[in-house]
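A short worksheet on the structure shown next.
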Amino acid sequence: MLFFQFQKPTPTIILNLTEQSVETLAPDAASLKAGKALSNAAGWVTISYNQRVLWGEIKGSGSKPYRTQIDLQNIAFKCTCPSFKFPCKHGLGLMLAFAKQKEAFTQTDDEPDWVKEWIEKRTQKAEAKSEAPKENTSADEEKAKKSKEKRQNERLSQVEGGVAELRLWLKDLIRTGLIQLPTKERRFFEQTAARMIDAKASGLAGRVRTLRDLDYIQNDDWQRKALEITAELFLLLEAFKNLDSLPPLWQLSVKNLIGWSQSPKELLQNPEAERIKDIWMVLGQHQEEAEGIIIQRNWLLGTATDRTALILNFGTPFSPLENTILPGTIIEAELVFFPAVVPQRATLGVQKGFVSELSFELNFCDGWHEVYTKRSQLLRQFPFINDVSFVIENLRLVVENQQPILCDQEGFFHPIVPPWEETKLLNLMAFSGFQPVTMAGVYRQNGFLPLGIFQHNKYILL
Amino acid sequence: MWEQIIHTALLGTDKLSFDDKLLPETLQQTLGSFPSDDKEGHFLKMAALVHFYQQSGKIPPRFTGTLPTVFEEETHVLAPPKLSALLQEIIEVHTYYRNHLLDLWFDKLIANEQLIQPAQLVSLVMLESALPQKFRPKILKVIGKKGLQILAYKTNIESWQTLPDELVWQEGKLSERRVFFTNLRQTNPQKAIELLQTTWTQESLGDKKAFLEVIEASFQPSDIAFLEDTYSEFQFTPKERKGQKECRAIIARLLLRDSNSAFFQQTQQSLLPYFETEKGKGLLSLAFGLKTISLKLPSSDDAFWNTETMLSSYGFEAAPDAAIFPTNALYWLACLIETLPFEFWPTHLAKNLEESLQYFLSEPFIVKIEKQNRAILKTSLITNAQKFKNIALAEALLKVVDFNEQPSLLTILPASFCENYLIQQKQALNLAWLEACFGHSSTKWSIEFSHHILQEAFLESTTKNKYLSEHIGVMMTRYLHPASLSFLENLKTSPTQTNNYYYVSHWEKWFVNPLHRCIDLSTRIENFAHQD
């Protein structure tokens, strides 16, 4: 569990790491286990830290000890060991040792040269990243512009082809009736999804796959869900058909849903992008794998602006996630938001470091009625909105026929998103003791995904 | 409306159509402003519109069930977070070492009357299924009422439920009653006997035997009255049940343990005629007229040494193996040697303990089996030493028994004796011997023995290139003197005389690292005082 006070501001304390938050950085279970074995401060030859960096030396199988360093401002690891895992067991071990036995570390601003060198490089790199791109000559610019336009037009025509095909597929489906869906083989959906991937419309492929993944055997609710998915998808295709007539932000949002990706690098270099400086609470993290891609979602809440944000990280089995956000921590940072009708997705801009104690007032929802109302307002702005994070007061966990639900004080309830990890459910039981608690989580169409609870001036990550 | 739309979608627009007039007027108007090319497109647009319309106006459902109980008051206060959090570190220790540390941790919390913190509750509940059942009562004591609610969600808690003490004796299963009776025998043996007497007549033969076994394992002289009363209940009858004879045998064994019992006296009287005084055969004996006393057993049944008496009085059967016991009398003597306090024999043989021992280990109690002389009473003498915890006898026997028979004697000898004996016999790394010496105890080894065993283990692993059993490492984590860790450190840093990486890494993996970890953890657990 992660604990921090949120009443008294004490900016001198830079970091309050806990083992649980560090564990989220582990690339796999084996690395975590190995890291834990190295988490005893006594096993390190040297261990030191300051506001910016944490470093240590540990004896390995080589003749010289391995040098491990961690950038605490923008979480990053470096180690001289030959491991290809990232972070390696030494990085995890050092950070776990810091979380457990901070008193065993020497606090010093006198960094050794090998640490200074790395930090300087990182600072330079970060500065270069946020700077505007180098100015090209007008001829180069013209050439690049033409080439970009050509690529965009090619892609647009590819997507249009895919969209036309999918419209036909959906119409056929509805003409012959959804009743046939349970008898369809996986291939029926997969072929269409693959065609959408070929047409560079991965967002549409994902929606076709949600239709494939419905539980057609155990649950009759598939009938309602199948119609909802089909109708929503058709509406999205209609929106794309009328793309030119939509306002620019709508065009962007619709294209994102279809499958156009957004580059955080380009966003950071865009001077017009919306930037919000705040002290952000990382309410929670959720990771899932779909079609070989690992998607990590981090939900943040601005403590001064009351703004919510979603930071996505992507990885594959061959290129692990670049994990720079620790759930349950508070960071002072500038977030840069991707332009959208309802801007939610953001990327981390300038990060100043961690805050361990903080005083702030959050605008909590007082029950499900308010959550539903707020969501309706968002739907009015953009009907395709799905995940929205909320902090709700006085929610009580109830388990009815093995299905966990959350009841508010007015007697309204909302189910917890299935399937929810059993350990998280048990954690919620243990910390709440079935009493009403203030809970942060994500509202989804099929249920609420709890992320953490506020209790006795602490935020406890579930 | 939505149900009808779903119905249409399921059957398909080819078979069924949906009448837009069923929609609210505002939706009809909106739909009208977005014309479609075909009926499928029109239907899908309409379905999307209705879906979002419903989503926007959705209100949360109301809960009509029963809210769970909230326990405002707990059974005890919460343990200090650092003590509670030690669980996480214990879980990460290899399972070989874990249960001992868990025992220490649970016992500390229970002694402090504290509950674990919520942060560890889930870890404990998840760990529970991997733990032996003996931990269940301890788990229940440290999780409190809230913890019990969680446990009930995770596991079938009903199978954990034990009857309250006041009901166990009346309504419990034999296994529960046996545990209850054993525990009561440890705290109040007399009360246990009184309780047993209240239900004795209703007990089955099997249950009676079970409780007599508990009494035998925790015998007290105050049990004699009860045993004398019940002995007659199991008197010999032709075609008696096996349990009948077994109960009689247990009671006879117990009565013979006390020299004040009538049964002992009666047995003593019966045996006296068989102690015969003879003139010594040696030169000195002839010169000084010295006499010796020996036991003369009949070669065939007589008034005492006969099948009927032995079976009806003592529950002894006839000799099972004629090769070992040439006569029944010899076998029954072996049974009596196991059963009577050993002091009986020196008294009547007019010998000291060593002489008596020597007497029983020599002719005429030697037989030749497969060309080897075998002292047929030796096993009975070892059993007697164990049963009566006769340290003098055990020490004397150690000098004469075979190597393999020594561990059974070491079990009753004091730890200090065992430590010296293991060093002297160069058996400090013999797992069977270590377990025999210390397995039943919770006392730590002396610093000297701790250093010795560490030194031996280090040399064995790194110099002689031998894989030591990791179970020796497990024993070390339990018994090593905490102050010997610095000695281990020095061993670790001293230059090893082997280049074999595997032996050194085995030593590190199974000895150095767990020893550090476990001794550190057990010291931290023990250092948590009640007020911490």
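Sorting B:91, A:174 by solvent-accessible area of protein heavy atoms yields B:91, A:174, largest first, with a 1.4 Å probe. Look at the alpha carbon pairs under 8 Å that are at least 6 residues apart: their mean separation over the length of region A:271-351 gives a relative contact order of 33 percent.
Applying a 4.7 Å Cβ-Cβ cutoff to chain B leaves B:247, B:335, B:518 as cysteine residues with no disulfide-compatible partner. The share of accessible area on the protein assembly as shown that comes from carbon and sulfur is 51 percent, using a 1.4 angstrom probe.
Rolled with a 1.4 Å probe across the full set of protein chains, the surface gives residue B:64 an accessible area near 130 Å². Summing both sides, the accessible surface hidden between B and A at a 1.4 Å probe radius is close to 4700 Å².
Divide by every residue of chain B the summed helix terms, -39500 (n - 2.57) for each DSSP H run of at least 4, and state the resulting mean residue ellipticity at 222 nm, rounded to the nearest 500 deg cm²/dmol. Walk me through the intermediate numbers first.
Values: 28 runs with 304 residues, N = 532.
Estimated from H runs of four or more residues: -17000 deg cm²/dmol.
Taking a straight Cα-Cα cut-off under 16 Å and skipping sequence neighbours fewer than 8 places away in the same chain, the lysines within cross-link reach of residue B:242 are B:208, B:209. Among the residues of region A:368-382, those with an accessible-area drop of 10 Å² or more from chain alone to full protein complex, heavy atoms and 1.4 Å probe, are A:369, A:372, A:375, A:376, A:379.
Express the accessible area of region A:149-258 per residue in Å², computed with a 1.4 Å probe while the remaining protein chains stay in the model.
Values: 5600 Å² over 110 residues.
On a per-residue basis, 51 Å².
Excluding residues fewer than 8 places away in the same chain, name every one of the lysines whose C-alpha is closer than 24 Å to that of residue B:444. By straight Cα distance, residue B:444 reaches B:108, B:134, B:138, B:389, B:426, B:492, B:509. Counting only protein heavy atoms and a 1.4 Å probe, chain B has 51 square angstrom of accessible area per residue.
If you count, for every residue in A:233-244, the Cβ atoms of partner chains within 10 Å of its Cβ, what is the mean? Before the final figure, lay out each step's value.
Values: counts 2, 7, 7, 1, 2, 6, 0, 0, 0, 1, 0, 0.
That works out to 2 on average.
Solvent-accessible surface of protein heavy atoms, probed at 1.4 angstrom with all chains present, puts B:467, B:96 in the order B:467, B:96, largest first. At the residue level, residue A:350 shows approximately 80 square angstrom of accessible surface with a 1.4 angstrom probe and all protein chains present.
For the residue pairs B:296/B:368; B:245/B:399; A:85/A:458; A:102/B:141; A:36/A:424, alpha carbon separations beyond 28 Å are given by B:245/B:399; A:85/A:458; A:102/B:141. Comparing the chain by itself with all protein chains present, which residues of region A:412-456 are at least 50 Å² less accessible (probe 1.4 Å)? By number: A:412, A:413, A:422, A:426, A:430, A:434, A:435. Shown for region B:75-123: residues covered by the partner protein chains by 40 Å² or more of accessible area relative to the chain by itself (probe radius 1.4 Å), namely B:92, B:118, B:119, B:122.
Rank these by accessible area, largest first, 1.4 Å probe: B:456, B:40. Intermediate values should be presented prior to the final figure.
Details: B:456 65, B:40 20 Å².
Output order, biggest surface exposure first: B:456, B:40.
Helical content of chain A, expressed as a calculated mean residue ellipticity at 222 nm, amounts to -12000 deg cm²/dmol (DSSP H runs of 4 or more residues, -39,500 (n - 2.57) each, divided by residue number, nearest 500).
Can you give the longest run of chain A that contains no GluC sites (Glu not before Pro) sitting in a DSSP loop with at most 14 other Cβ atoms inside 10 Å?
For GluC sites (Glu not before Pro) (loop position, at most 14 other Cβ atoms within 10 Å), the longest site-free span of chain A is A:1-130.
Only lysines eight or more places from residue A:200 in sequence, or on another chain, were considered; those with a Cα closer than 19 Å are A:148, A:150, A:241, A:255.
In chain B, Cα pairs under 8 Å separated by at least six residues give a relative contact order of 10 percent. For chain B, excluding the exposed loop sites themselves (trypsin sites (Lys or Arg not before Pro), DSSP loop, at most 15 other Cβ atoms within 10 Å), the longest remaining stretch covers B:59-172. In this view, the solvent-accessible surface of residue B:294, computed with a 1.4 Å probe and all protein chains in place, comes to about 10 Å².
The values are calculated or read from the model by the stated rules, or taken from the named source; none is laboratory data. For clarity, every value in this text was computed on a predicted model and none was experimentally measured. Every residue, glycine as well, gets a Cβ built from its backbone with ideal geometry; the counts of neighbours run over all protein chains shown. Each accessible area value is taken on the protein alone, full model and side chains, heavy atoms only, with ligands, DNA and RNA left out. Shrake-Rupley method; radii C 1.70, N 1.55, O 1.52, S 1.80 Å.
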